[in-house]
Structure formats: structure tokens, C-alpha cells
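Just below is one structure, and these are the notes that go with it.
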Amino acid sequence: MVNSKKPIVEVAEREAATKKKQHIQKNYKNKYYFFETNIYKILECFPKKLLSWDILLVTLIALLIRFCVGIGAYSGYNDPPKFGDFEAQRHWLELTLNLPMKDWYFYDPSHWGLDYPILTAYHSLSLAYIGEYLFGGKNRGWFALDSSRGNEDPNLKSFMRFTVCLTDIVIYIPAALWFVKKHSISTSEKQNILNTKAKKLETGSLQSRALSHLKQLSHFSNGLIILLQPSLLIIDHGHFQYNGCMLGLVLLTVNNIIDNKLVSACIFFVASLCFKQMSLYFAPVIFVYLLKQTLLSWRIIEFVSIGVSTVATFIVLYFPLYFFNQTNELGLQTLKQSFLRVFPFNRGLFEGKVANFWCVSNLFIKHRTIFSNEQLQLQSLVLTLLAASPACLMVLIKVSPKRYSKSKELLLYALGSCSLSFYLFAFQVHEKSILLPMLPMTLLFVVNNNKSLKLDGPISQASLLNSPNLTYQLLIFFENAALFSLWPLMKQEGLHLQFFLLGIMYNWLIGGFSFFAYKGLGKINKYIQYVLISVYSTMFLNLALDLYMQPPAILPDLWVVLNCAISFGCFVFMWLWLLLKMWYV
Amino acid sequence: MLICISSPKKHTADSTFNSEHMKSLLCNSFHRVRSLVDTPLFKLWVFSVFIKLFLVYGYRSTDFEVHRNWLSITYQLPLKQWYYDTTNIWTLDYPPLFAYFEYILSHITPKPVINDHCLDLMAENVSSEIYGSLTVFWQRITVILSEFGLYLSLRSYSLTDKTSLLVCSSILLNPGFFILDHIHFQYNGFLFGLFISSIIAVKEEKYLKSAFMFSVSLCFKHIYLYLAPCYFVFLLRAYCLNFEHFEFKTYLSLIKIIQWKNLIKLAAVVLSTFFAAFLPFIYIGYGIDDFKQILSRLFPFSRGLTHAYWAPNLWAIYSTLDKFLTILVLYLNKVKYIGAVRQIVDISQLIEQIKLNENENNGSKGLVSDVTFNILPQIPPKITFALTLFYQLLAVLPLFFNCNFNRFIGSLTLCGFSSYLFGWHVHEKAIMLIIIPFTFLVVLDRRLLTPYMLLSSSGIVSLFPLLFTSQDFMIKILYSLIWMILYFVSISEVSEMNYFGQDRRVWFFDRLAMIYIVCLLPIIIISGILDVFKFGNGHYEFLSLMLYSCYCSVGVFTSWIGLSWLYNFDEPLWL
């Protein structure tokens, strides 16, 4: 062998170095819980070389799970005449394919009229082309106008599932992986370089080499943590929607902000707004952040450029809708109609059962009988803005171009807090809207895991709030609460198996339910663990009751209402936690 | 370099076992179960189980109904009628131990599942409408739980070092099992567990245990007969013959080679296992005719040369050649003006033959029946047996002269190869009989990696046509792709570059093999497109299947040649 020929001294040195490396790694591993999770144990089985394939592998695994979830039923399966969200999306494919653009927003509102912004329509059109000509949809009548309504061809289902994954692969997955890679570099690596300069060069480089392996591992698992987020998977690939596209565009916005490319951030954010108006939930914080970074920091040129790019993107996206009409008046009418469809204020305060303020307080105060719809709209607007204002204020005060890494971390907290306020207090909220606050929350996993891999030794566990272990655990708790709040919907659609599997798999992978394995913090930690255990057990109790017991005849919705109440409590806690975190950033 | 890691979990479990002996038995057994389960291999398995559970209500083939019917046969009927019942066309055609296994499963079936008509004996066309989702769930769960047997057989081996962990996990997560067991529906995982434990027993030099496990697995599924010659020779040579003090004086000294005690022990173990397997049948008074009935069920010789979908072996290429010649002849017949050809061969007779054959059967999509070739000579079973035996003999002979574990695994793999490539009515599922032993071999030397990659990629892809529904299309591709990247990369990192291997490797062959493997993807996509568009109103339905079996057979053949070359002409590998 080649190695044996080299001098013995060198070999001994090398061995000493590897030992030291392992010692450093051990130091970190003992401190942080997330090195004891199953996903790490699994990754350790394989040689290091595999970690250089991480992007491909994570993408493929994420896709595999997505397709596996897709085997289940979808919203409105076998439920004529209106079916569900699957039929809505399929109908939009049919509609955009067969009608001229000017009729898109006018066509038959009784059967899932198009009520999403223009980019959704373009997206549907492109998917329709793919289905019609690439997958033989033409011969099978998948998208024939009107006659294809309620088509439940299993091949059509496979195709539609495929399109969700295709959208994910184009937008959400690259954006998420970009975030994982980018963020780790921008926060920890830059500090590392500074630290190595300050310290002795050799020990520093040894330490960074020891950490680089751990970092690679954490990239891998961070990627999976983001991409296997159960609530998004079950809504997009079980229930059937294209939220991944909107969230991916928001994620791209965040990525660009982290890179300090504000113009492209604006373009992506407008795109996400034009895909689904729901990303308005993020708008206040993004607006304030950009304002602070540009105008309030006296960067007038940047401010003008982002303003121009925002307006330009809107114009470019909506221009065809205006242009393909005979007269100008008709064009304006079409534009007006498209906006009317997108913001349906004549609907109720909330639909079904949502774990937000209105639905839960409705148990005690019957809002809808006391107030008129307009009054309620005003109330919800005021409450939402009130709840979102702390996040905006924090951004306004604390963000500055000088403190990059801090202000970027703050941005995530603020995005979470703001969108959560919308979820809790806004008008006409769906249970699916919880996906929006969960996006920044999931990204916080990455921030947290990277924080723990700092070069200047593991963080001391003294401060309760900054303990990576506790943060990690609470983040998992919020993920679980979000998933739990989706249970009534999933039960209704017969996605029991997928719901439980996704939840259990996610928690098993990242160590969700192992309570006392978390190290440090002493007594307080113990109390927190007891609180978490009790909350989890009420959740499980609620699920078990819902599965195996009929609610009393007087209160047919008892279990669902309980579900809403529990999740509402969790979300309020999440909002408070985010506030605290923002305060201490 | 191998990084030897001892099993820390096991030790800690043992130490707690000693120090806390005052604690109750419950606690001890908890620790034991924990040490049984607390391995990296188990974690990998659990992750795969999650994925498998998603597919519970996905596509399942007729094999699901086959096994459901066996459950009901063993539940409803007395032992006497198990091998006689024909209520359902999917009659019991596995050896008795598997029937007992089904018997146990049927008797632990929970009440709600029985109420779901899981165990009703009924005709095949009725049943699918009668049983519900509970039956499906129960049967799927039994497959997943029985796969725990595969884990158990691999567990101790996986703890020895990182390389063997890699080998074990690659077997446990093999896409072949994923496709065959958890989508298509069979119990291969558990059956291979038995077979693998016999291989591992050989490694540990526990020959009697190995013989026992192999005969048990034979009594579960007779497909392992393909590998029996290798076992026979190996056990004979390693356990019953001793050449150490051999000195030829007279012919009597030949007798001294034989270690009579071991021979008797071995024979006793094997025979008593078979005897025990058939004992219940003997007990209820089965006669010779009844055993003949069992044998006729196990070995249905009335089947044709190839399966409905051609497994990628020699006969697939042969059949394809015949198809092409047929098309050529029909074309020549159309083109009247090629007089010269007409003078050389008299086509008219051939064409009459073709038309006659086409009325009778259709080689590619026909049911299980005899296959006739239009132009090439017919293949009688004798030829396939002769070819198989010849190549198995070639594989087994070196084992007689040079008997060690590596050699044994090599010859096992080659035995599997020759029966797969030349056998009569080979199922595509039999590819697992080659892939699994080969996995034990591949970490030995880097040069084995290329044949291994060729074999496992083409073998796994050749299983794809089993799953033809659109919802499985991406799942099978993605799972296989992930597995291939995981293990091809890891094994190439771990497997040792022995004996200046780089110089002796034929680099061009390596590159060519990689190109072949990458080109599997376009093949899958092209055949997918063929399926989507159904050119000529489904007249060319066989085309995509033919594409699969032809392309894959190239890979399997090349892999066989590569391994044979190393096996026969590379001595340092087998020391």
C-alpha cells in the first residue's frame, strides 16, 4: 500500500490529528440533541464521499416521498357534483387551455371559476399543454371543455400528481436547497473566517475541518427537514394544491434578500403574490424590511429600482390580460373582473373550522349574528394589523444594513410572526393557510442547526432562550401543532394513513418525541418537557377520540372544535415565542 | 481501509444486564429487545418501512390474490385438500413450509379482517369485489412484519464493521424487494432472510447450521433449487472431505478422505429437515400419488420456455431475433420483386407456418402456454437443462479445488446466473437470486464493482414492467435511483483496490458499463412513451416489453461474462 511507505512520524501525526478531530466532533455531538436523531444515525452508516451527492439525494428522497403520498386519495374524490380542490385545479387547466385569455375570469363561476391571480392561470396553461400533448391527454379527454368535469381517470390523477412534483422540482426544492447551502455559508462560515484569523491558525483550521464533516451532515438533514415538512406535503400531495409554488417563490424572495439582491427579491415576491394572493400575509414585513434597507438607510437609487421592478413585474404579468381584448374598455373590465374574483369580500368571516381567533371565540361570542359583514371586515383588519405590528416594528428598529446576519435571522422571525397574525385574525382564513407561517418556521430549523455549529466551541446552555436544543424541540412542536390543526380536513378526505405516516416519519427522523434526551438547562427544561408532553397527549387523545368515538348528538362538531381550540392555543404560544425571540435577537 | 467498530450498544446492554440483575425479568427482556433493535441497520429499515407503508393501498398484482387464496385454503380446508383444491385458479404451488406459514398467518388474522372476507374461499373473479381495505392492509402488514426476519438474519453480520453494514443495508433496502414484496406483493424478504442466514452461517463456518437453513429455505420456496448444486459441492468439500493428509497409495486411501462422521451428521440434518417438513402429510396418510400431486404443483412442466413477460436472458434475445426474422420474412413476401431471395429460400412454406403459429399463440403477450418460434428452431427443455447444468458445473468445479467463503459466494452467484440465463420458464423475479449473493462479494475487490453495477441496475430495471400502473411509474424509478446512487457510490468508496487493481482494470469496459447504466433511463422513458401513446392501436404493445428485456439482457449477460472472467482467471481475488 502507498501509505505504509511514508515515514512513521507523519502517520503518527495524522493519527493524532484524526483523534483530535474526533474529540472536537464529540464535543459538539454531546452538546446538541440533533446529532442523536435517527437521520444522523442513518447518514453515519455511509461513507463520507456520499455527502458530496447530497443535493441530488435529498431531491430524490423528497420526490420519492412526495410521489408516495400522492398514492392516497385527493380532495373531493368521488364526491360529485362539485368534487374538491383537485377538480378545481384540473378545471383551471381545462379552462385556460380551451378558452381565450379574455374569458378566463368570466367563465362559469358556479363550477370552480378561476379565483387565483394571473400567474396561476399561466401555470395551469403550461401544465395543460404538457398534459395535452406530452401525456396523451388529448386522446383521453382529460381537458375537454365542460365534458371533462369530474374526470377521475387514475392516469389523470397520476398526471396531476406529477405536475405538483414538477412544480416543486422547478421552484420549491431548488429554493429550499439554496437556502440550506446559502444560509450556512452566510452565517457560520463568515464568522468562522473571522474567528480563524483571531485564533491560532492551526487549531482553527483543524477545528473547522472537524466541523466541516458535521456541517455536511447537517446540510443533508436540513435539506430533508425543509423538504419533508409534513403539513406542506399532505396539503400539496395529499389534498392537492400548488402551495409549493407560492411558498417556493417566497423562499426565493428570502434567499435573494439574504444575498442582498433586493431587486430580484421584489420580482420573486410579486410573482408569488401573482400566483396566490395569500402571500400577502408576508407583505407587511417584506415591505418594511425593504423600506428600512433602502429608503430609511438613504439608499435612494435602490429604493427607486425596487419600486420600478415591483411595478414592472405586475405590469408584465397582467399586460396580456389587458392586451388580448378588442377595446381598451373591455381590457380594463377584464382586469377589474380578475381582481374581483381574487378578493371575494362577500364571503363569510371563516369557512368550516379554523384554529384562528374568530372561529374559537365564536364559541362564546356569535360574531356573525352581532355584527354585519362590513363591521367584521373592519374588526379583523384592525386586529390583524395590531397583531402584525410588533413584527413590523421590530424590523423597523432592529434591521440595519450593518448587521447582516442578525437582521436576516430577524427577518425569518418577523415573517413567521406576521403571517401567523394574519392566520389568527384575518378575514376568510382557510385551515391550509397555516402553511404560510410554517415556511419561515421550518427555515428556522436551518438557522438553529447552523448556529450550533459555530467554530468557537459549542454554545453554553446557560441562557434558556438561545439554547439550540430547546429551540429545536419547540420548532418540532410547532410543526406538529400545524399538522395537528390539519387533521379535520385530512379525516374528511380519507387521508388518515398519509397523515399519521407523515407525522410519525418526520418526528422519528428528526427526533420529535424523545423528551428527556435533550441536554442542559436543568430544572426549567424538565418543566418544559412536562408541558410539552401534556400538550402532545391532549393532541393524541383528541385524535383517538375523533377516530374511535362518536361525539354526543347535541355537539356533533365537538372533536373538531376541540382540535381548533388546542391548535389555537399552540399558535398563540408560537406567536408569543416569536415575539420573545425577536426581542432578543 | 476498514474501520472496525465494535458494537458499543450491545456491550452497554450486556453490562446493564449484569449490574442490574436484581431488576425484574421484564426489564432484562426490554434491554434484550432493545439491543436487538438498536442498530443502524434497524433505523435504515424503519425508514424504508415508512415508505413501504405509504404504498399499502397502491397497486397490487394478482399475486396478492394468490396469497389471499392460500390463506383461505389453509384456514378453511383440512391438510389433505391443500394441494388438491381448485376453487380458485391460483392454487397452492409452494412447498409445505410456506403452506404452514400461511396457516399460521391465517390463524392469527384478527377478527375484523376475517369479517372483511379475507379468509373466504372463493373463485378468483368473485373475490376482488368481496374483500375490503382491511384485508389489503392486513396482508401488506404481514409482508412488512415478516421482513423483520430478513433484518434479523443480517443483524449480527451488520455489526461487525462498516463495510458489512453497507452490504447488509444494501440487501435490506434492495429495490428488488421493494418492488416485488411491497408493490407487486410477495414474501421474498422473509424467504431471503432464511437463505441469507445460511450464507452467513457459512461465513461463520457453522456448516450444519448452513445446511439446515438452506434446506429450510428450500422447503419454503423451491426456487432455491437453482443454487443447490453449489451448496452440495461446497458442503461436501468443506465439511465432509479432508485432503490435508491425503497421500495416494491405493484406492482405499480415497476412502480416508471422507470424514464419515461429518457426512452422516450433514445427511441427517438435511434429510430430517425435509422429513419434518413433509411429516404432517405423512401423518395424515398421504400416499405416493398424493406426493406426486404435490410435485406436479411445485414443478408445472407444462409451461413454456419463456414467461409472459420475457425475463432478460438468452431466450429473450432468441425470441426477439425470431420476431425480427418473422417481420423480415413477411416483408420479403410483400416485396415481390426480390426474386433472387425467393430462389434461395422458399419463403412460402415459412409464411404458412407463421400464419399457423399466429393463430395459435402470441409469444409476447400470451397466457402461460407453450411458445413456438416461427423461424428459428424450437427449444426443447432438454437443451435448457443441458446448458444450465454445463455452466453450473463450470461454476462449481473450482470450488472443489479451492474451497473458501469468497469462492463459495462466487460460485453461488454464477450458479444463479447460469440458471437465470439459460433456464426453462424463468421468472424475472429470479434475478434476486443472483443480486443478493453478489452483494456479499462486491466489497472484496473494486473490479467486481462493474459487473455488480451492471447486474443490479439491469436486473432491477427488468422488474419495472411488473408495475405498469402510472402511479407507480415515478416511485419505482426514484426508489431504484436513490438506492443505486447510495450504494454504487458507497461501495466504490469502500471496496478495496487490491493488487494494483487500477492497472489491471480494463478502463474502457468500465466507461462502457457506465454508459450502459445511464442509458437505462432513456429506455425506461421511451417505453413509457410507447405505453402512453399506444401506437397502432396497441398493436405494438409488446414493443416496450421487448425493449426492456432485450436491453436488460445485454446488461445481465455482460455482468455474467465479467464475473466469470474474474472467477476463472484472476487468482488473487479468491485466495
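The values are calculated or read from the model by the stated rules, or taken from the named source; none is laboratory data. The model shown is predicted, which means the values in this text are computed figures rather than measured ones. Backbone-built Cβ (ideal geometry, glycine too); neighbour counts: all protein chains shown.
Checked against the criteria, residue A:67 does not count as surrounded by 20 or more Cβ atoms within 10 Å (Cβ to Cβ), within 14 Å of another protein chain (Cβ to nearest Cβ) and more than 30 Å from the chain's Cα centre (by Cα). A single entry from A:547, A:558 fulfils the requirement of being closer than 20 Å to residue A:356 by Cβ and aliphatic (A, V, I, L, M): A:558. The helices (runs of 4 or more DSSP H) found wholly in region B:23-81 and carrying at least 1 residues that are of a type outside the set (Phe, Trp, Tyr) and within 14 Å of another protein chain (Cβ to nearest Cβ) occupy B:25-37, B:40-54. From the set of residues in region A:256-275 that are surrounded by fewer than 24 Cβ atoms within 10 Å (Cβ to Cβ) and of a type in the set (S, T, N, Q), which is nearest to residue A:290 (Cα to Cα)? Only one residue tops the list, namely A:260. Would you call residue A:59 hydroxyl-bearing (Ser, Thr, Tyr) and more than 28 Å from residue A:171 (Cα to Cα)? In short, no.
Looking only at region A:44-56, filter to residues that are of a type in the set (A, V, I, L, M, F, W, C) and surrounded by fewer than 21 Cβ atoms within 10 Å (Cβ to Cβ); which one of those is farthest from the chain's Cα centre (by Cα)? Residue satisfying both the conditions and the ranking: A:45. Is at least one residue of region B:93-114 modelled with pLDDT under 90, farther than 26 Å from residue B:471 by Cα and either within 14 Å of chain A (Cβ to nearest Cβ) or not in a helix (DSSP H, G or I) (or both)? Yes: region B:93-114 contains one or more residues that are modelled with pLDDT under 90, farther than 26 Å from residue B:471 by Cα and either within 14 Å of chain A (Cβ to nearest Cβ) or not in a helix (DSSP H, G or I) (or both). Here residue A:338 meets each of (1) surrounded by 14 or more Cβ atoms within 10 Å (Cβ to Cβ); (2) among the hydroxyl-bearing types (Ser, Thr, Tyr); (3) out of contact with any helix residue (DSSP H, G or I) (no Cβ under 7 Å at 6 or more places or on another chain) with one exception, condition (3). Among the residues in region A:195-211, are any outside any helix (DSSP H, G or I) and either modelled with pLDDT under 90 or surrounded by fewer than 18 Cβ atoms within 10 Å (Cβ to Cβ) (or both)? For region A:195-211, residues outside any helix (DSSP H, G or I) and either modelled with pLDDT under 90 or surrounded by fewer than 18 Cβ atoms within 10 Å (Cβ to Cβ) (or both): present.
As for region B:124-131, it holds no residue that is in contact (Cβ under 8 Å) with a residue 60 or more places away in the chain, surrounded by fewer than 22 Cβ atoms within 10 Å (Cβ to Cβ), within 30 Å of residue B:206 (Cα to Cα) and of a type outside the set (A, V, I, L, M). Of the candidates B:280, B:300, the single residue that is modelled with pLDDT under 85 and under 25 Å from residue B:79 (Cα atoms) is B:300. Screening region B:471-575 for helices (runs of 4 or more DSSP H) wholly inside it with 2 or more residues that are farther than 30 Å from residue B:396 by Cβ and modelled with pLDDT of 80 or more returns the ranges B:507-533, B:541-569. Of A:370, A:397, A:434, all but one fail to be out of contact with any strand residue (DSSP E or B) (no Cβ under 8 Å at 6 or more places or on another chain), under 30 Å from residue A:224 (Cβ atoms) and among the β-branched types (Val, Ile, Thr); the exception is A:434. Does residue B:239 satisfy the condition of being at pLDDT below 95, under 29 Å from residue B:94 (Cα atoms), surrounded by 17 or more Cβ atoms within 10 Å (Cβ to Cβ) and aromatic (Phe, Trp, Tyr)? No; evaluated as a whole, the condition is false for this residue. Test residue B:48 against the criterion of being at pLDDT 85 or above and surrounded by 15 or more Cβ atoms within 10 Å (Cβ to Cβ), and give yes or no. Here the answer is yes, as residue B:48 does meet what is asked. Scanning region A:147-165 for residues that are within 20 Å of residue A:80 (Cβ to Cβ), facing chain B (nearest Cβ under 10 Å) and not in a loop (DSSP other than H, G, I, E, B) yields a total of 4.
One residue stands out in region A:106-119 among those that are more than 29 Å from the chain's Cα centre (by Cα) and within 19 Å of residue A:325 (Cβ to Cβ): the one that is surrounded by the fewest Cβ atoms within 10 Å (Cβ to Cβ), namely A:106. Within region A:169-176, is there a residue that is closer than 30 Å to residue A:452 by Cα, at pLDDT 85 or above and within 14 Å of chain B (Cβ to nearest Cβ)? Yes, because at least one residue in region A:169-176 is closer than 30 Å to residue A:452 by Cα, at pLDDT 85 or above and within 14 Å of chain B (Cβ to nearest Cβ). Scanning region B:393-417 for residues that are surrounded by 24 or more Cβ atoms within 10 Å (Cβ to Cβ) and closer than 16 Å to residue B:559 by Cα turns up B:395, B:410, B:411, B:412, B:413, B:414, B:415, B:416, B:417. Restricting attention to region B:287-298, the residues being within 19 Å of residue B:91 (Cβ to Cβ) and without any contact (Cβ under 8 Å) to a residue 60 or more places away in the chain number 5.
Scanning region B:196-219 for residues being within 15 Å of residue B:270 (Cβ to Cβ) and assigned to a helix (DSSP H, G or I) gives a total of 16. Please go through region B:397-451 and pick out each residue that is more than 25 Å from residue B:153 (Cβ to Cβ) and among the basic types (Lys, Arg). Correct list: B:446, B:447. When residue A:546 is tested against the conditions (1) closer than 22 Å to residue A:486 by Cβ; (2) modelled with pLDDT under 85; (3) of a type in the set (D, E, K, R), the lone failure is (2). Evaluated against (1) more than 14 Å from chain B (Cβ to nearest Cβ); (2) over 30 Å from the mean Cα position of the chain (by Cα); (3) not acidic (Asp, Glu), residue A:139 falls short on exactly one condition, (1).
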